[in-house]
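Novice: My questions all concern the structure below.
The values are calculated or read from the model by the stated rules, or taken from the named source; none is laboratory data. The structure displayed is predicted, hence computed values, not measured ones. Every residue, glycine as well, gets a Cβ built from its backbone with ideal geometry; the counts of neighbours run over all protein chains shown. The accessibility values were calculated without ligands, DNA or RNA, using every heavy atom of the protein model including side chains. Shrake-Rupley method; radii C 1.70, N 1.55, O 1.52, S 1.80 Å.
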Amino acid sequence: MLENKKKEQMKIIYPNTLVSTDEIEVYGEVEEELLTETNPFEMAKRQVDIVAQKMGLNDNIKKYLKRVERSLIVSIPIKMDDGNIEIFEGYRVHHSTVRGPGKGGIRFAPNVNLDEVKALATWMTWKCSLLKLPLGGAKGGICVEPRRLSKGELERLTRRYTAEIINIIGPDIDILAPDINTDPQIMAWIMDTYSMHKGRAIPGVVTGKPIEIGGSVGRETATGMGLFFVLEALCNRMKIDLTTQDIVVQGFGNVGGHIANILYEKGCNIIAVSDISGGLYAKEGLNIKELLEWRDLNNFLKDFQSENYRFVSNEEILTLNCDILIPAAIEKQITQLNAHKINCKIVLEGANGPTTPGADIILKKKGIIVVPDILANAGGVCVSYFEYIQDIHSYFWKIDRINQELKNILGSAFDDVYNLSKEKNVTLRIASLMIAISRLAKAVELRGIYP
Ligand code: NAD
């Protein structure tokens, strides 16, 4: 009965899937499970439930950690180039500022919504806690297709969004950063708008800025570099020679592009990469430098012409036979519907939330190791933290120091997670969340609930 109801609902939610509903893993309550598979905030809350149960976490604290501190929804009216006014919706969410000011990126994309931003803010809290950074979790975004805007419209949108959320951001309150479709230029407009309102230059309101206005060397490549350090640490433990591995990367933006490039330069065989248009595959390996040049001329991968490369869709790229799969695009890519088709040894999560809790169970059964987002892609927030410190001190570090400190912090977080996962016989995700959540729970307990 339960199974039939579930199958019917799955057909509604995934009408185009060719996957037999018999293959869908069943666990938990149907409605709750479907929500978890489709809504990222439900997914983030489910993760807290799973870990709370394993840790025996107090119910009151669990309730507290499943709520965000504040959510601001703003309307952003913009005068378009043709003289018309268009109104966009924007969000900024603080999940927790218990351990320090909020920290989190902003994304500009057509499917941005409040629950997505809440989930991303929650994961930022865990990420900062796992790395012991004195920061909380925040996130923001605007529901917009930025490719449809001119540069002038994009600048007006960014500046008006900054003005709308100005009361809940600042170096001591909440520090912004880049995410999907936002780059150093957009960070520069945020820094300028905030500074103009305050009457003085305040670079610390945002990280990922251009170096000329207080940005940090190494920030642009930080998430990719962090992914590499974490992967290297795992391969050392598993006695795997990285250079013999076939690697697939979904997403070819900041995160996917940099990790593909770093691994390519290390001599790894990158057999497939994709962007939103689809991807390219070659068993003998792709020339990543050539593809990055193509991307930087504003081209989609699907339009790259080469008789040696075969086109693959974003669905297919995830199921290619490889050693290491790096989802580095968006959330909910590996779900209960395709997890059984994933064909690799390691999933290294470059994106935030690419694997649903239901998929986690299937991957675990298949013996696939998942290096979770809050550990794997934490290099970005780590170097953002370095940028923030450098801005406060008005003293800037050299790239060697950035990379060494990044490697130290991620290496120590990786050791904590790996050792706990062995000790408790749990996945790396559960171990990461156990460490992050217990640290936050302790901070809540020490500070107490006001008043
Ligand atoms: P980006 O905009 O630079 O790149 C995103 C890439 O994903 C592009 O290649 C885009 O074409 C592709 N993409 C977008 N929508 C897609 C879809 N529906 N299907 C398949 N591909 C799609 O963004 P980014 O900064 O590289 O962020 C990618 C992921 O990494 C996000 O989940 C983000 O939250 C996470 N992340 C980013 C950082 C950072 O420092 N930028 C840090 C940690 C985590």
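Novice: Provide a single number: the residues in segment 136-171 that are hydrophobic (A, V, I, L, M, F, W, C), more than 14 Å from the ligand (Cβ to nearest atom) and touching a helix residue (DSSP H, G or I) at 6+ places or on another chain (Cβ under 9 Å).
Specialist: The total comes to 5.
Novice: Ok, one more. Which one is surrounded by the most Cβ atoms within 10 Å (Cβ to Cβ), of the residues in segment 238-268 that are part of a strand (DSSP E or B) and among the aliphatic types (A, V, I, L, M)? Write out each step before concluding.
Specialist: The initial filter retains those residues of segment 238-268 that are part of a strand (DSSP E or B), namely 246-250.
With among the aliphatic types (A, V, I, L, M) added as a condition, the list becomes 247-249.
Values: Ile247: 26, Val248: 26, Val249: 34.
Among them, the one singled out is Val249.
Novice: Any residue in segment 380-408 that is farther than 23 Å from Gly350 by Cα sitting within a Cβ distance under 7 Å of a residue that is assigned to a helix (DSSP H, G or I) and not hydrophobic (A, V, I, L, M, F, W, C)? List the pairs, counting only those 6 or more apart or interchain.
Specialist: Asp391/Pro203; Asp391/Gly204; Ile392/Gly204; Phe396/Gln390; Trp397/Gln390
Novice: Another question, if that's okay. What's the number of the condition Ile271 fails, among (1) surrounded by 19 or more Cβ atoms within 10 Å (Cβ to Cβ); (2) within 18 Å of Ile346 (Cα to Cα); (3) without any contact (Cβ under 8 Å) to a residue 40 or more places away in the chain?
Specialist: (3)
Novice: Still on this structure: Does at least one position in segment 207-230 carry a residue that is within 16 Å of the ligand (Cβ to nearest atom), touching a strand residue (DSSP E or B) at 6+ places or on another chain (Cβ under 8 Å) and open to solvent by 60 Å² or more (accessible area, probe 1.4 Å)?
Specialist: no
Novice: I'd like to check something: does segment 318-336 contain any residue that is more than 27 Å from Ile240 (Cα to Cα), within 13 Å of the ligand (Cβ to nearest atom), more than 21 Å from the chain's Cα centre (by Cα) and assigned to a loop (DSSP other than H, G, I, E, B)?
Specialist: Looking for residues that are more than 27 Å from Ile240 (Cα to Cα), within 13 Å of the ligand (Cβ to nearest atom), more than 21 Å from the chain's Cα centre (by Cα) and assigned to a loop (DSSP other than H, G, I, E, B), one finds none in segment 318-336, hence no.
Novice: Condition (residue is out of contact with any strand residue (DSSP E or B) (no Cβ under 6 Å at 6 or more places or on another chain) and within 16 Å of the ligand (Cβ to nearest atom)) applied to segment 172-183: is it met by at least one residue?
Specialist: yes
Novice: Just to check your reading of the model, which residue among Ile342, Ile346, Ile368 is surrounded by fewer than 24 Cβ atoms within 10 Å (Cβ to Cβ) and in contact (Cβ under 8 Å) with a residue 60 or more places away in the chain?
Specialist: Ile346
Novice: Also: Would you confirm, using the coordinates I've provided, whether Ser129 is open to solvent by 20 Å² or more (accessible area, probe 1.4 Å) and either out of contact with any His (no Cβ under 7 Å at 6 or more places or on another chain) or more than 20 Å from Ile276 (Cβ to Cβ) (or both)?
Specialist: no
Novice: Assigned to a helix (DSSP H, G or I), touching a helix residue (DSSP H, G or I) at 6+ places or on another chain (Cβ under 6 Å) and either within 14 Å of the ligand (Cβ to nearest atom) or closer than 23 Å to Val112 by Cα (or both) - does that describe any residue in segment 275-291?
Specialist: Yes, segment 275-291 contains at least one residue that is assigned to a helix (DSSP H, G or I), touching a helix residue (DSSP H, G or I) at 6+ places or on another chain (Cβ under 6 Å) and either within 14 Å of the ligand (Cβ to nearest atom) or closer than 23 Å to Val112 by Cα (or both).
Novice: Looking at this structure, is Ala233 away from the ligand (no atom under 13 Å from the Cβ), more than 16 Å from Asp183 (Cα to Cα) and surrounded by fewer than 18 Cβ atoms within 10 Å (Cβ to Cβ)?
Specialist: In short, no.
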